[in-house]
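Beneath this line is the structure, given in C-alpha coordinates, with notes to follow.
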Amino acid sequence: QDAVPSLPITGPWAIDVGCGTGGDCAFLAERYPAVQWVGVDVHPSIAGLRPFAETRRNLHFIRANAACLPFRSDSFGFVYSYGVLHHLAHPQEGFAELVRVLRAGAAVTFYVYETHRASRWKRLALSVVGGVRRMTTTLPRPLLFGVCWMASPVMVACFAWPARLAA
(Lines give C-alpha, C1' and ligand atoms only; values in the text may rest on other atoms or scores of the structure.)
Protein backbone atom coordinates (compact mmCIF):
# COMPACT_ATOMS: atom_id res chain seq x y z
CA GLN A 1 0.00 0.00 0.00
CA ASP A 2 2.89 2.39 0.66
CA ALA A 3 3.98 1.96 -2.96
CA VAL A 4 0.74 3.59 -4.15
CA PRO A 5 1.32 7.29 -4.76
CA SER A 6 -0.86 9.86 -3.04
CA LEU A 7 -3.67 11.20 -5.16
CA PRO A 8 -4.26 14.93 -5.57
CA ILE A 9 -7.79 14.87 -4.14
CA THR A 10 -9.25 18.32 -3.51
CA GLY A 11 -12.61 18.03 -1.85
CA PRO A 12 -14.83 15.60 -0.01
CA TRP A 13 -16.17 13.72 -3.07
CA ALA A 14 -14.39 11.64 -5.72
CA ILE A 15 -15.73 9.47 -8.54
CA ASP A 16 -14.63 6.28 -10.30
CA VAL A 17 -16.26 6.39 -13.74
CA GLY A 18 -16.64 2.92 -15.24
CA CYS A 19 -15.93 1.18 -11.93
CA GLY A 20 -16.84 -2.32 -13.19
CA THR A 21 -16.74 -4.72 -10.24
CA GLY A 22 -15.84 -1.91 -7.85
CA GLY A 23 -12.39 -3.15 -6.88
CA ASP A 24 -10.48 0.07 -7.56
CA CYS A 25 -13.21 2.16 -5.95
CA ALA A 26 -13.23 -0.02 -2.82
CA PHE A 27 -9.43 0.18 -2.58
CA LEU A 28 -9.52 3.96 -2.92
CA ALA A 29 -12.30 4.25 -0.33
CA GLU A 30 -10.17 2.28 2.11
CA ARG A 31 -7.00 4.22 1.34
CA TYR A 32 -8.78 7.62 1.56
CA PRO A 33 -11.42 7.19 4.27
CA ALA A 34 -12.12 10.93 4.57
CA VAL A 35 -13.30 11.04 0.94
CA GLN A 36 -16.76 9.94 -0.24
CA TRP A 37 -16.24 7.68 -3.28
CA VAL A 38 -18.87 7.19 -5.96
CA GLY A 39 -18.49 4.24 -8.32
CA VAL A 40 -20.39 4.61 -11.59
CA ASP A 41 -20.92 1.97 -14.25
CA VAL A 42 -23.43 1.43 -17.03
CA HIS A 43 -23.60 -2.35 -16.57
CA PRO A 44 -26.69 -3.64 -14.69
CA SER A 45 -24.47 -5.74 -12.42
CA ILE A 46 -23.55 -2.58 -10.51
CA ALA A 47 -26.76 -3.03 -8.52
CA GLY A 48 -25.09 -6.06 -6.94
CA LEU A 49 -22.39 -3.80 -5.47
CA ARG A 50 -24.76 -1.87 -3.20
CA PRO A 51 -24.57 -4.43 -0.35
CA PHE A 52 -20.78 -4.32 -0.71
CA ALA A 53 -20.94 -0.54 -0.28
CA GLU A 54 -22.90 -0.92 2.95
CA THR A 55 -19.71 -2.19 4.60
CA ARG A 56 -18.04 1.19 4.01
CA ARG A 57 -19.64 4.49 4.92
CA ASN A 58 -17.64 6.34 2.26
CA LEU A 59 -18.45 4.08 -0.72
CA HIS A 60 -21.45 4.48 -3.03
CA PHE A 61 -22.39 2.87 -6.35
CA ILE A 62 -24.85 4.01 -8.99
CA ARG A 63 -25.72 2.92 -12.51
CA ALA A 64 -25.08 5.63 -15.08
CA ASN A 65 -23.52 6.21 -18.47
CA ALA A 66 -20.01 7.73 -18.54
CA ALA A 67 -21.07 9.91 -21.48
CA CYS A 68 -23.94 11.46 -19.50
CA LEU A 69 -23.16 11.56 -15.77
CA PRO A 70 -26.10 12.48 -13.50
CA PHE A 71 -24.13 15.01 -11.45
CA ARG A 72 -23.89 18.77 -11.40
CA SER A 73 -20.85 20.39 -12.94
CA ASP A 74 -17.94 20.97 -10.54
CA SER A 75 -19.10 18.19 -8.17
CA PHE A 76 -15.94 16.15 -7.57
CA GLY A 77 -12.51 16.86 -6.15
CA PHE A 78 -11.01 13.92 -8.06
CA VAL A 79 -12.11 11.92 -11.11
CA TYR A 80 -10.73 8.46 -11.90
CA SER A 81 -11.49 6.33 -14.95
CA TYR A 82 -9.47 3.26 -15.90
CA GLY A 83 -9.91 1.56 -19.26
CA VAL A 84 -13.31 3.05 -20.07
CA LEU A 85 -13.26 6.02 -22.44
CA HIS A 86 -12.03 4.10 -25.50
CA HIS A 87 -15.12 1.85 -25.29
CA LEU A 88 -17.49 4.79 -25.76
CA ALA A 89 -18.94 5.60 -29.18
CA HIS A 90 -17.47 9.11 -28.81
CA PRO A 91 -14.50 9.01 -26.37
CA GLN A 92 -13.94 12.77 -26.61
CA GLU A 93 -17.46 13.40 -25.31
CA GLY A 94 -16.82 10.99 -22.44
CA PHE A 95 -13.64 12.83 -21.52
CA ALA A 96 -15.51 16.16 -21.67
CA GLU A 97 -18.04 14.68 -19.24
CA LEU A 98 -15.27 13.71 -16.81
CA VAL A 99 -13.95 17.25 -16.94
CA ARG A 100 -17.46 18.72 -16.56
CA VAL A 101 -18.06 17.06 -13.16
CA LEU A 102 -14.53 17.95 -11.97
CA ARG A 103 -14.12 20.89 -9.59
CA ALA A 104 -11.92 23.74 -10.78
CA GLY A 105 -8.29 22.98 -10.08
CA ALA A 106 -8.95 19.30 -9.29
CA ALA A 107 -7.26 16.36 -11.02
CA VAL A 108 -8.57 13.73 -13.38
CA THR A 109 -6.72 10.44 -13.81
CA PHE A 110 -7.65 8.15 -16.68
CA TYR A 111 -6.21 5.35 -18.78
CA VAL A 112 -7.06 4.21 -22.29
CA TYR A 113 -5.73 1.15 -24.09
CA GLU A 114 -3.18 1.33 -26.84
CA THR A 115 -4.35 0.53 -30.36
CA HIS A 116 -1.29 -1.61 -31.18
CA ARG A 117 -1.61 -0.74 -34.87
CA ALA A 118 1.99 -1.76 -35.56
CA SER A 119 1.66 -5.37 -34.47
CA ARG A 120 -0.73 -7.93 -35.88
CA TRP A 121 0.04 -10.26 -32.93
CA LYS A 122 -0.89 -7.65 -30.36
CA ARG A 123 -4.13 -6.89 -32.18
CA LEU A 124 -4.94 -10.61 -32.27
CA ALA A 125 -4.15 -11.01 -28.57
CA LEU A 126 -6.33 -8.00 -27.68
CA SER A 127 -9.23 -9.33 -29.74
CA VAL A 128 -9.01 -12.70 -27.94
CA VAL A 129 -8.85 -10.97 -24.56
CA GLY A 130 -11.78 -8.75 -25.55
CA GLY A 131 -13.86 -11.78 -26.51
CA VAL A 132 -13.09 -13.55 -23.25
CA ARG A 133 -13.87 -10.36 -21.34
CA ARG A 134 -17.26 -10.00 -23.05
CA MET A 135 -18.10 -13.55 -21.99
CA THR A 136 -16.79 -13.40 -18.41
CA THR A 137 -18.45 -10.09 -17.54
CA THR A 138 -21.86 -11.76 -17.94
CA LEU A 139 -21.11 -14.67 -15.57
CA PRO A 140 -22.51 -14.75 -12.03
CA ARG A 141 -19.80 -13.96 -9.45
CA PRO A 142 -19.53 -17.51 -8.00
CA LEU A 143 -19.13 -19.02 -11.46
CA LEU A 144 -16.63 -16.34 -12.47
CA PHE A 145 -14.63 -17.03 -9.31
CA GLY A 146 -14.52 -20.74 -10.19
CA VAL A 147 -13.41 -20.05 -13.75
CA CYS A 148 -10.66 -17.70 -12.52
CA TRP A 149 -9.53 -20.19 -9.89
CA MET A 150 -9.16 -22.90 -12.54
CA ALA A 151 -7.54 -20.63 -15.13
CA SER A 152 -5.01 -18.93 -12.84
CA PRO A 153 -2.42 -21.76 -12.81
CA VAL A 154 -2.47 -21.81 -16.61
CA MET A 155 -2.04 -18.02 -16.76
CA VAL A 156 0.85 -18.11 -14.31
CA ALA A 157 2.60 -20.94 -16.16
CA CYS A 158 2.05 -19.49 -19.64
CA PHE A 159 2.54 -15.79 -18.96
CA ALA A 160 3.86 -14.78 -15.53
CA TRP A 161 6.74 -17.26 -15.30
CA PRO A 162 7.95 -16.70 -18.90
CA ALA A 163 7.78 -12.92 -18.33
CA ARG A 164 9.92 -13.25 -15.19
CA LEU A 165 12.41 -15.44 -17.01
CA ALA A 166 12.63 -12.96 -19.90
CA ALA A 167 13.22 -10.00 -17.59
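The values are calculated or read from the model by the stated rules, or taken from the named source; none is laboratory data. As the structure is a computational prediction, the values presented were derived from the model and not from experiment. Positions of Cβ are backbone-derived with ideal geometry, glycine not excepted, and every protein chain shown enters the neighbour counts. Each accessible area value is taken on the protein alone, full model and side chains, heavy atoms only, with ligands, DNA and RNA left out. Shrake-Rupley method; radii C 1.70, N 1.55, O 1.52, S 1.80 Å.
Can I get the semi-axes of the chain's equivalent ellipsoid? Compute them from the C-alpha gyration tensor as square roots of 5 times the eigenvalues, in angstrom, largest first.
Largest first, the chain gives 29, 20, 17 Å.
From the protein chains alone at 1.4 Å, what is the descending order of accessible area for Thr109, Thr138, largest first?
Result of the area sort, largest leading: Thr138, Thr109.
Rounded to the nearest 0.05, what FRET efficiency do Lys122 and Cys158 have when you use their Cβ-Cβ distance and R0 = 25 Å?
The formula returns an efficiency of 0.90 here.
Just need the relative contact order of the stretch 72-167 here, percent rounded to a whole number, with Cα pairs under 8 Å and 6+ apart.
Relative contact order, the stretch 72-167: 25 percent.
Considering Cα pairs under 8 angstrom that are at least six residues apart, work out the relative contact order of the stretch 1-121 and quote it in whole percent.
26 percent.
Roll a 1.4 angstrom probe over the protein heavy atoms and tell me the percent of accessible area of the chain that is carbon or sulfur.
64 percent
Restrict the search to the stretch 5-97; then list the trypsin sites (Lys or Arg not before Pro) that DSSP places in a loop and that have at most 15 other Cβ atoms within 10 Å of their Cβ.
Answer in residue order: Arg56, Arg57, Arg72.
Could you tell me which of rounded, prolate or oblate describes the stretch 70-121, using a ≥ b ≥ c as the square roots of the eigenvalues of the alpha-carbon gyration tensor, with rounded for a/c under 1.5 and, failing that, prolate when a/b is larger than b/c and oblate otherwise?
Prolate, because a/c is 1.5 or more and a/b exceeds b/c.
Charges only on Cβ, +1 for Lys and Arg, -1 for Asp and Glu: so what's the dipole of the stretch 91-167 about the Cα centre, in debye to the nearest 20?
I would put it at about 160 debye.
Using a 1.4 Å probe and counting only protein heavy atoms, arrange Tyr82, Tyr113 so the residue with the most accessible area comes first.
Ranked list, largest accessible area first: Tyr82, Tyr113.
May I ask you to derive the relative contact order of the stretch 24-73, considering only C-alpha pairs under 8 Å and at least 6 residues apart, and to give it as an integer percent?
38 percent
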